[in-house]
Amino acid sequence: MSKSKKTSVDRRGFLKGAAAGAAALVAKPQLADAQQTAAPNGQPTAQKQGINGSAAEPTQVALARETGGRPAESSRVIEHPGSDYMVDVIKSLNIEYLAANPGSTYESLHESLINYGDNKMPEFLTACHEESAVAMAHGYAKIEGKPMMALIHGDIGLQHAAMAIYNAYVDRVPIYMVVGNHSDGARRAPGVQSLHSAQDLGALVRDYTKWDDEPLSLGHFAETAVRAYNIAMTPPGGPVLIVCNAEIQGDPIQGATPRIPKLTLTTPPAGDMAAIQEAAKLLINAERPQIIAQRMARTPEGMTLLVELAELLQAPVNSQERMNFPTRHPLAGTGWQGYQPDVTLNLEVGDILPQARIDRARGAKTIQITSVSVSHKSNLQDFGHYADIDLDIGADAQATLPALIEEIKKELTADRKRALQDRGAKLVEAHKKAWERQIEDAQYGWDSSPISLARLTAELWPLIKTEDWSLVSPQGFVGNWPNRLWKFDKHYQYIGGQGAGGMGYGAPAAVGAALANRKHGRLSVNIQTDGDMNYAPGVLWTAAHHRIPLLTIMHNNRGYHQEVMFVEQQAALHNRGADRSHIGTKLWDPNIDYAKMAQAYGMHGEGPISDPNDLVPALKRGIEIVKKGEPVMIDVVTQPR
Amino acid sequence: MQRLLLLALIAVLACAQSPAGDAKHGKELFLSFGCYSCHSFDGHGGAGARLVPMPLNQAGFTAFVRNAGRMPSYSSKVLPDEKLADIYAYIKSLPTSPDAKNIPLIQELLKEN
Ligand SMILES: Cc1ncc(C[n+]2csc(CCOP(=O)(O)OP(=O)(O)O)c2C)c(N)n1
Ligand SMILES: [Mg+2]
């Protein structure tokens with residue numbers, strides 16, 4: 001027996017096994033020869049072969065698909081494909097949306113989702129690129145706190161999706177990915193079905209996927225599907241992948257349908273009590289503690305806890321990557337001028353900050369709480385530069401804060417409390433000064449054209465502050481002006497950065513976050529860099545098609561500005577002129593017309609605006625349209641940063 | 001700040017008579033050498049420091065560019081003194097920003113705290 005035949009028989013064995021002992025329930029594997037399954041357009045629907053028989057030569061249907069010819073009339077109907085049951089399982093997970101670029105490796109599941117599943121929970125969103133699909137799910141999860149699904153086509157779709165998966169992996173964000181695969185070599189057609197399949201598909205992205213599996217039966221699919229959801233959600237969150245065989249999707253359900261397993265979310269790991277007691281002692285006795293929080297607040301509760309901790313300790317909080325701490329809280333920041341921390345508390349920090357390393361070199365104690373410490377992988381170097389840590393608590397920071405707060409409350413003497421209050425008063429004073437200086441700094445370049453990012457951000461504020469707004473874009477490339485000028489005090493008001501710094505994340509993540517914000521009636525604002533926009537601009541069409549309200553304001557500095565600066569640095573270092581640094585780094589000649597780009601994708605587009613006096617009327621018009629439920633893009637020509 | 005003062009001192013002690021630059025040519029250099037990319041088109045800062053108002057005299061400015069700190073340093077081979085003089089003249093010609101006191105939006109923001 002040839003290897004391929006044996007594999008095929010084994011697979012059938014699995015399918016039979018799943019059905020063994022059960023009364024025939026729904027399966028009607030074969031109908032009369034003459035019965036035709038024509039789609040409304042007259043094209044016969046996709047057919048699989050060899051379902052009950054042995055591995056066979058590709059059918060005429062399969063061959064016709066490959067050659068583009070008209071296939072022979074079909075002779076079978078599969079009324080209850082495995083993919084219907086898969087939809088039942090997926091529905092049990094309460095996933096609201098899936099984003100996908102279509103492909104035949106999941107065609108059976110595709111059809112079951114939209115017809116059998118009635119295109120609800122999850123609802124299908126058409127993505128023009130797999131990277132967009134996954135990055136949309138990334139943005140969605142950061143607002144909604146739970147995964148969205150990305151449905152991916154075989155090895156090619158997965159390769160397109162790869163960078164977005166890596167971003168989400170490093171950002172510890174749950175994403176639920178299902179990828180189709182023609183696993184059975186004997187049953188797939190020659191040509192693309194082989195080209196688009198893999199022996200171990202998960203291997204393509206396993207280095208930066210939290211967990212993946214390739215189920216071999218429907219029962220196995222169900223367990224994997226529920227398990228995957230739980231793994232994605234358990235801190236540290238991450239993308240998970242289910243490789244979904246075309247054969248299991250398309251073959252009829254044999255006998256009784258398998259059960260749908262129960263989902264119980266694993267509680268997040270909390271810190272060891274002895275370590276928490278030690279941390280409490282260090283923090284209480286610190287003269288100048290500094291809290292640094294990155295991917296800490298997984299939910300609004302995380303913010304509440306961090307405020308409680310900071311106020312208890314009267315310690316400044318440097319918040320990054322998430323809405324961990326209100327920006328105008330008097331303890332926000334890094335303390336007064338010359339504040340030299342003697343203890344740093346690092347909460348879900350990806351790579352200990354250079355300043356915290358300097359502090360430690362000066363004698364500060366470094367405490368770290370992160371669940372990533374207990375879930376490392378090899379190869380990709382996202383674990384960062386090795387850091388000397390004095391107390392390393394391998395636990396989810398948010399889940400550990402309640403015990404840490406309790407311990408501090410218990411140990412804090414009245415004397416110490418008074419000392420902390422004195423420090424707090426100084427910090428409040430320093431914060432007020434720093435805050436006022438930041439706001440006054442917006443004056444520089446106020447009248448400039450191209451428009452300064454401070455001006456852009458300042459002009460936006462009065463227009464959004466009376467709305468329920470949410471900033472769905474990173475801030476690093478816009479000089480952190482929103483953080484400096486706006487009052488952020490709700491968890492959903494900021495979604496943080498790319499995770500792994502992979503550009504092309506911004507536009508789709510904004511669309512995904514705006515999708516999550518839609519049902520809450522929030523005004524989603526995306527300050528969008530131009531380089532990022534151009535990786536996969538088709539996501540604008542997705543936003544327009546699915547009526548996703550989103551105000552996109554182009555931060556159009558006409559280039560990959562970050563890289564311009566890097567090349568200039570190199571030129572200086574090499575003792576050569578910087579006057580050719582635009583080569584390979586600028587996006588001009590011709591200038592890209594974003595208003596037209598928006599219009600081409602079916603949404604309102606305006607600009608380019610380079611006179612600051614034209615800004616407010618355009619922004620007002622844009623906000624009015626967004627409030628009616630549509631996406632808008634306003635092209636603002638900006639200063640580099 | 002200390003560094004700037006030191007440079008200013010060096011500059012004063014160094015030749016008091018630097019060649020006057022050509023602001024028009026300076027603008028071309030400011031753009032082609034990408035000074036704008038960190039300091040903005042009008043010198044009001046961004047990733048790099050604010051150049052307006054320029055705190056250094058011309059000699060101090062030249063000394064700084066030759067041996068900058070965080071900023072890339074440019075040698076006389078790459079940017080001879082005459083060219084730096086032109087860039088300096090251009091920076092000196094740039095208008096200052098309006099004062100925050102005269103910007104209603106900034107005043108509104110300050111009231112919010
Ligand atoms: C996938 C990917 N390719 C290239 C880079 C390198 N890179 C870092 S920043 C940047 C510039 C992005 O341009 P834009 O989004 O317009 O932001 P700007 O730097 O202009 O503010 C590039 C290309 C990257 N980080 N990710
Ligand atoms: Mg750019």
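Readers should treat all values here as calculations from the given coordinates under stated rules, not as data from a laboratory. Since the model is a prediction, treat every value here as computed from it, not as a measurement. So basically every Cβ, Gly included, is an ideal-geometry build from the backbone, and we count neighbours across all protein chains shown.
At a glance:
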| item | result |
| --- | --- |
| Global form of the protein assembly as shown, assessed from the alpha-carbon gyration tensor, a/c cut-off 1.5 | prolate |
| Candidate lysines for bridging to residue B:77, where Cα separation is under 26 Å - those fewer than 8 sequence places away on the same chain excluded | A:586, B:24, B:27, B:92 |
| Cβ-defined net charge surrounding residue A:222, 13 Å radius [Lys, Arg +1; Asp, Glu -1] | 0 |
| Cross-link reach list, lysines versus residue A:262, counting only Cα pairs under 18 Å and skipping chain neighbours closer than eight places | A:91, A:146 |
| Long-range amide H partners of residue A:175 with built H, under 5 Å | A:238, A:240 |
| Length-normalised contact order of chain A in % [C-alpha pairs under 8 Å, at least 6 apart] | 13 |
| Within the protein assembly as shown, helix-based [θ] at 222 nm, where runs of 4 or more DSSP H residues each add -39,500 (n - 2.57), nearest 500 | -12000 deg cm²/dmol |
| Hits among lysines - C-alpha to C-alpha of residue A:377 under 17 Å, sequence gap 8 or more where chains match | A:210 |
| DSSP-defined antiparallel bridges as percent of all bridges, chain A, nearest 5 | 5 |
| Distance in nm between pseudo-label sites at residue A:376 and residue A:412 (7 Å out along the Cβ direction from Cα) | 3.5 |
| In the range A:422-561, lysine pairs with alpha-carbon atoms under 21 angstrom apart (chain gap of 8 or more, or interchain) | 8 |
| Loop-located trypsin sites (Lys or Arg not before Pro) in the range A:72-151, at most 16 other Cβ atoms within 10 Å (DSSP) | A:120 |
| Peptide-level mean, for B:46-55, of C-beta atoms on other protein chains within 10 Å | 3 |
| Candidates per trypsin sites (Lys or Arg not before Pro) in the range B:15-88, loop by DSSP, up to 13 other Cβ within 10 Å | B:70, B:77 |
| Neighbour-limited loop hits for chymotrypsin sites (Phe, Trp or Tyr not before Pro), the range A:495-597 (at most 10 other Cβ within 10 Å; DSSP other than H, G, I, E, B) | A:588 |
| Test item: A:579-590 mean partner chain Cβ contacts at 10 Å | 2 |
| Three-way shape label, the range A:270-309, alpha-carbon gyration tensor, a/c 1.5 | oblate |
| Using alpha-carbon coordinates, inclination of helix A:82-91 to the longest axis of chain A, degrees | 30 |
| Cβ neighbours within 10 Å from other chains - mean over A:435-442 | 5 |
